[in-house]
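Q: Pasting a structure below so you can have a look.
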Amino acid sequence: MATYYNGRHIVLTGASSGIGLALARHLSARGAVLLATGARAKADLPSEFPDIRYVSIDMAKPDCADKLAGAVADLGWPGIDLLILNAGTGRQAPVESETAQTIENVVAVNLAAPVRIAHRFAEPLIESAGQLVLVGSVVHKGADDFPVYAATKAALDGFARSLRCEWQGRIKVQIVHPGPTRTPMHQRAGHDPGKLARLFMSAGEAASLIAAAIIGGRSPVKINTLARLTGTVRRMVSP
C-alpha cells in the first residue's frame with residue numbers, strides 16, 4: 001500500500017472531518033497528489049488537516065459537480081487516477097419527524113451529488129482509465145431511526161452496481177460500505193451510541209481499511225470491526 005498511492009492524482013470529497021479527513025491524511029502520507037473538498041471553509045479546517053489542495057464546495061447545491069470540475073481543471077493534472085466520493089450527511093430521526101428541507105438536503109448530498117459528479121467526470125475518468133469509489137454505509141440495508149439516510153445509501157449502492165456494469169472495461173467502479181465509526185457525524189446527526197461506541201472503528205482505522213479495499217478493487221465491500229480484527233479487507237489487496 002505504501003507505494004500504490006505514490007504519485008496518483010486523487011480527488012476526495014467530504015475531507016474536512018471524520019473518515020474523509022482520515023483518508024486525506026492516510027493518502028497524503030503515502031505520496032498521493034490530492035485535491036480535497038469539504039463543507040468547511042479553508043480557514044476552519046482542523047489543525048491536523050494535511051498540506052494538500054483544498055476547496056470548499058457545498059454538495060447540496062446543483063452546481064457542485066461543475067465547481068469540482070473547475071477546481072480540477074485549475075490544477076492542470078494530466079488525468080484523474082481516483083475519484084473518491086465520500087461526502088455524506090444524515091439525521092437520526094423517524095421519517096414522520098423529518099421536514100421537506102431535511103429530506104431534500106440528505107438526498108442532495110448523499111445521492112444527487114454523487115450522481116451529478118459521476119456524470120460530470122465520466123469522460124475524464126474514461127480518458128485516464130481511472131477509478132470511481134463511492135463511500136456508502138452498512139446502513140444501506142436499513143436501520144431504525146435512519147430511514148432517509150438508509151434510503152440514500154441503498155440508492156447509492158444500486159447506482160454503483162449499475163455503473164460497474166455499464167462502465168466495465170472503461171472505468172473501475174467500487175462501493176465501500178463502512179460500519180459504525182467514531183466520527184463527528186454521530187453528534188451532528190443527533191445520535192448517541194452510548195457504550196456501543198467502544199466497539200466502533202476509529203476514523204483512522206476505517207480510512208486504512210478503505211484504502212486497502214480500494215487497491216483490491218472488489219465491490220461491494222463491507223468494512224467493520226470484524227473486517228478489522230480478522231484482516232478480511234486487507235486480504236483483498238492485490239499482490
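Q: Can you tell me which of 13-24, 146-157, 116-127, 90-101 comes out highest on packing, and rank the rest after it, using the mean Cβ neighbours within 10 Å?
A: Highest mean packing first, the order is 13-24, 146-157, 116-127, 90-101.
Q: Next question, about the same structure. Could you work out how much longer the chain between Lys42 and Thr99 gets when fully extended? Use 0.36 nm per residue separation minus the Cα distance between them, nm to one decimal.
A: Gain in length upon complete extension: 17.5 nm.
Q: What FRET efficiency comes out for Ala129 versus Val55 if R0 is 25 angstrom and r is the Cβ-Cβ distance? Round to the nearest 0.05.
A: 0.50
Q: Further question: Quote the convex hull volume per residue of the stretch 34-111, based on C-alpha atoms, as a whole number of Å³.
A: Looking at the stretch 34-111, the number lands at 121 Å³ per residue.
Q: OK, next. Check each of the trypsin sites (Lys or Arg not before Pro) in the stretch 18-59 and keep only those in coil by DSSP with at most 16 other C-beta atoms within 10 angstrom; list them in order.
A: Arg30, Arg40
Q: Taking a cut-off of 18 Å between Cα atoms, list the lysines near Lys141, but don't count ones fewer than 8 places away on the same chain.
A: Lys153, Lys222
Every read-out reported here was derived from the displayed coordinates using simple, explicitly stated rules and does not represent laboratory data. Keep in mind that this is a model prediction, so the values were computed, not measured. No Cβ is skipped: glycine too gets one built from the backbone with ideal geometry, and neighbour counts run over all protein chains shown.
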